[in-house]
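Every number here is computed from the coordinates shown, using simple stated rules; none is lab data. Predicted model, so just to flag it, every value in this text is computed and none were measured. Here the Cβ is made from the backbone with ideal geometry for all residues, glycine too, and neighbour counts use every protein chain on show.
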């Protein structure tokens with residue numbers, strides 16, 4: 001038996017509150033072509049797909065009986081000072097690759113369409129970011145929310161990742177107390 005062969009992401013399926021509003025945002029504001037629509041049998045809702053390139057898509061279910069959103073549990077809370085912590089098994093955010101040379105233009109384009117954008121230049125330094133793009137920066141990210149409260153990211157690598165980028169031991173549930181103590185020390189200083 002051979003190894004699994006991955007061809008990339010097919011789709012991510014999310015849940016929306018209002019399919020029309022979702023179509024207006026993804027097809028209109030973000031310019032993602034709507035490529036497939038399905039009315040679920042028996043009045044159970046809808047399932048629509050938007051093309052994000054390279055054969056991948058973002059899909060949305062609309063369920064007439066879906067529970068309300070749970071920001072801070074199943075998704076991040078809105079706002080710059082809001083926590084990005086979400087529950088186990090939740091989807092924190094969805095990142096899509098964009099061309100690095102178009103990054104600043106995409107920020108302006110989104111802002112001109114009424115989208116609040118937060119830019120972070122993620123970096124290999126103690127702060128985890130840089131104000132400007134430097135040799136420490138490995139990816140530029142812009143974060144924003146869709147009308148359903150889904151946290152989205154447009155991301156552009158500033159360099160190719162390599163073996164030096166995998167240098168941390170994975171944390172276990174037992175590491176919680178040590179990490180929480182580090183957070184506490186950081187707030188105290």
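Here Cα extents along the principal axes in Å was computed from the coordinates, and among (1) 55, 50, 40; (2) 60, 36, 36; (3) 50, 40, 29 the match is (1).
Percent relative contact order of segment 1-147, based on C-alpha pairs within less than 8 angstrom and at least six residues apart? Intermediate values should be presented prior to the final figure.
Numbers: 204 pairs, mean separation 24.0, N = 147.
Relative contact order here is 16 percent.
A Gaussian network model of the chain, with springs between Cα atoms under 10 Å, assigns the largest mean-square fluctuation among 172, 84, 134 to 172.
Counting only alpha carbon atoms, the long axis of helix 103-112 and the longest principal axis of the chain meet at about 50°.
Under the classification rounded if a/c is under 1.5, otherwise prolate if a/b is larger than b/c and oblate if not, where does segment 7-68 fall, given a ≥ b ≥ c as square roots of the Cα gyration tensor eigenvalues? It comes out prolate by the Cα gyration axes.
Our note on the geometry: Cα centres of segment 150-175 and segment 1-45, 25 Å apart.
The order of 179, 157, going from fewest to most other C-beta atoms within 10 Å of their C-beta, is 179, 157.
Model label sites at residue 87 and residue 13, defined 7 Å from Cα along the beta-carbon direction, differ in position by 2.0 nm.
Order by neighbour count: 17, 36, 131, fewest other Cβ atoms within 10 Å first, most last.
Working: 17 15, 36 12, 131 9.
Neighbour counts put them in this order, fewest first: 131, 36, 17.
When the chain is treated as a Gaussian network with alpha carbon springs shorter than 10 Å, the biggest mean-square fluctuation among 65, 174, 101 belongs to 174. Taking 14 Å as the cut-off, the amide N atoms of segment 100-143 that come nearer than this to a point 7 Å along the Cα-to-beta-carbon line of residue 24 belong to 114-115. The slack in the chain from residue 36 to residue 182, taken as 0.36 nm per residue of separation less the alpha-carbon distance, amounts to 47.9 nm.
The angle separating the long axis of helix 176-188 from the principal Cα axis of greatest extent in the chain is about 70 degrees.
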